[in-house]
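We did not get these values from a lab; they are worked out from the coordinates using the rules stated. Treat the numbers as computed from the prediction; the structure is a model and nothing was measured. So basically every Cβ, Gly included, is an ideal-geometry build from the backbone, and we count neighbours across all protein chains shown.
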Amino acid sequence: MRSGVLIIAIVLIAIGVISLAYEGITYTTREKILEVGPLRATAEKEKTIPLPPILGGLALAGGVVLLVVAARR
């Protein structure tokens, strides 16, 4: 039981730090711009999913709290 809590705490801390460092997830999509017979034109567009800093802070704080609770046992 204790090792499971430690793993969850470490994962939450890692997610929190990564979330605070990157502030969002960026990905690329391809969109069709023109299609005339056999001719096709596409464009790559970057899109970003913003991650609020409060989310990273909560994950980090939750991981630290779990780590402290597991250490007390």
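When you scan segment 51-73, how many residues do you find that are in contact (Cβ under 8 Å) with a residue 24 or more places away in the chain and either farther than 28 Å from Ile7 by Cβ or basic (Lys, Arg) (or both)?
Total satisfying the criteria: 1.
Do you know which residues across segment 1-32 are touching a residue at least 40 places away in the same chain (Cβ under 8 Å) and of a type in the set (S, T, N, Q)?
Hit for segment 1-32 is Ser19, nothing else.
Select, from Ile33, Ile54, the only residue that is among the aliphatic types (A, V, I, L, M) and within 18 Å of the chain's Cα centre (by Cα).
Every option except Ile54 fails the conditions.
Being surrounded by 10 or more Cβ atoms within 10 Å (Cβ to Cβ) and within 25 Å of Leu6 (Cα to Cα) is the filter here; which residues of segment 16-50 pass it?
Gly16, Val17, Ile18, Ser19, Leu20, Tyr22
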